[in-house]
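What follows is a single structure, written as structure tokens, with notes after it.
The values are calculated or read from the model by the stated rules, or taken from the named source; none is laboratory data. Small disclaimer: the values here were computed from a predicted structure and weren't measured. Counting neighbours? That spans all protein chains shown, and the Cβs are built from the backbone with ideal geometry, glycine included.
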Amino acid sequence: MALAEELLRERLPESTVVRTGPLTIEARTGDRDLRRIDLTRVVADIGTWEEAEQRRHLDELFGEMLAGSSTTEWEDAKQRILPAVRGVAHMFDGLQFRPVADFLCATLVLDLPRTLHFVTAEHVQRWGVDHRQLDRAALANLLDTTPSIEIDAVGGVIRIEGSDVASSWALVPRMLFSISKPLGDFVVLVPEFRRLWLVSTASEEGLQRELQAALDLYVSSPRRLSPVPYRPTPVFVPWTPEAGRPCLRNVRRAVVTLATYSYAATRTMLAPALLRRGDDVWVANHMAIEEEPDGDIYSVATCERQVRRLLPKVDVVRLNDLDTGESMSVAWTDVERLAPGYLRPEPGEALAPRWRVDGWPDSSVLPALRSVAVKYTPPGGSP
């Protein structure tokens, strides 16, 4: 990262370059010209290279990124633009995107030789085009590509892999249906940028195997998107299996894991921003709890009476009073129902929604909250 910062300062001598996360850098010139660079994928690719090779690669990469930022001609850009699916960790002010599912967005990128460059509002203004023109050009370019498709009819899986926009085919359900006939009913998995899997729902064993593979890949990949299975529709609709199916536990684990990783990624960006603007509030963690061997899988966030907090959406809120020692765990839905107004939606956090909490629920509702408290033992057994 130090090498990347050094090279970017050389490229942008008039900009302020700061590290905003373990693998993210921002370069700002004046009040409006902001470039945010996520080096997660790059570090994963070049981490074992010699420094001279890293320097050459990063210098060429930054040169290409900056050229992408200044692409001025729509006639050139419309040949390069592609749709892309990305997680909330890649969203930033000025980016052109639309939400397609919890923690996932459809956005647009410029396909450059070494990298994909996000299309921003500044690009759109410079090109003088509207969103329909952008979307038409991006879809046409995607349809002109030839995806790498592997069909495993016996295993009940069809895989589209290889390109950084392989997952973009999830935005074109008609194409997925056109190749899915060997599967019958199927779900879509997009564990990372470069992989899209169509998985038959007929085989419980095969479905569980692929759901676990998607989860493992999601957790380990710097290009992670989502381990959740979706229905093939223009807007990603999470698939929920029928009650009693063993794969229901796999799906529940995937949903909770996606939320935990997504909230953690956005927390690293949100917390410093709040500090810079003088907002003294703690950004609470989203914690995933899995009771072994076959117990519940759910999410928890803690809320201390003495600390102002931003809470992620969770299944259970752990309310703690550090002065009296009282602790109770209450389902999120019960807190909303019995203490209206205690959880206040935070403006501007639609992609990874959070709720602001100050102090303690009103004394008039505490008996009702205590009456619906649920059993919860934190990891390690301590409150």
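Descriptive notes on the structure:
- Restricting P238, P191 to those that are touching a helix residue (DSSP H, G or I) at 6+ places or on another chain (Cβ under 6 Å) and either touching a residue at least 60 places away in the same chain (Cβ under 8 Å) or not aromatic (F, W, Y) (or both) reduces the list to P191.
For every residue, the table says whether it meets (1) over 15 Å from P232 (Cβ atoms); (2) among the aromatic types (F, W, Y).
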position	(1), (2)
A153	yes, no
P173	no, no
F177	no, yes
S180	no, no
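- Pair list, Cβ < 6 Å and 6+ apart or interchain, from region 145-168 residues that are closer than 10 Å to L198 by Cα to residues that are charged (D, E, K, R) and part of a strand (DSSP E or B): R159/E150
- Of all residues in region 5-23, those satisfying the criterion of being at pLDDT 70 or above and among the β-branched types (V, I, T) are T16, V17, V18.
- Residue ID - farthest from R356 (Cα to Cα), chosen from residues in region 309-340 that are surrounded by fewer than 20 Cβ atoms within 10 Å (Cβ to Cβ) and either among the β-branched types (V, I, T) or in contact with a Gly (Cβ under 8 Å, 6 or more places away or on another chain) (or both): T324
- Test: residue in region 55-78 that is among the polar types (S, T, N, Q), at pLDDT 70 or above and outside any strand (DSSP E or B): no
- Checking each residue in region 291-334 for being within 30 Å of G244 (Cβ to Cβ) and β-branched (V, I, T) picks out I297, V300, V314, V316, V317, V330, T333.
- Hits in region 354-371 - residues which are surrounded by 15 or more Cβ atoms within 10 Å (Cβ to Cβ) and touching a residue at least 40 places away in the same chain (Cβ under 8 Å): R354, W355, R356, V357, W360, P361, L369
- Check on L270, at pLDDT below 95, more than 19 Å from the chain's Cα centre (by Cα) and closer than 29 Å to V219 by Cβ: no
- Members of region 213-230 found to be surrounded by fewer than 17 Cβ atoms within 10 Å (Cβ to Cβ) and either within 17 Å of A259 (Cβ to Cβ) or at pLDDT below 95 (or both), listed by number: V219, S220, P222
- Screening S167 on (1) under 30 Å from R354 (Cβ atoms); (2) assigned to a strand (DSSP E or B); (3) in contact with a Phe, Trp or Tyr (Cβ under 8 Å, 6 or more places away or on another chain) shows it passes everything except condition (2).
- Count - residues of region 136-164 that are within 24 Å of the chain's Cα centre (by Cα), assigned to a helix (DSSP H, G or I) and buried (at least 17 other Cβ atoms within 10 Å of the Cβ): 2
- Residues (among the hydrophobic types (A, V, I, L, M, F, W, C) and more than 20 Å from L82 (Cα to Cα)) located in region 143-161: I151, A153, V154, V157, I158
- Residues of region 316-356 classified as touching a strand residue (DSSP E or B) at 6+ places or on another chain (Cβ under 8 Å), over 22 Å from T257 (Cα atoms) and among the β-branched types (V, I, T), total: 1
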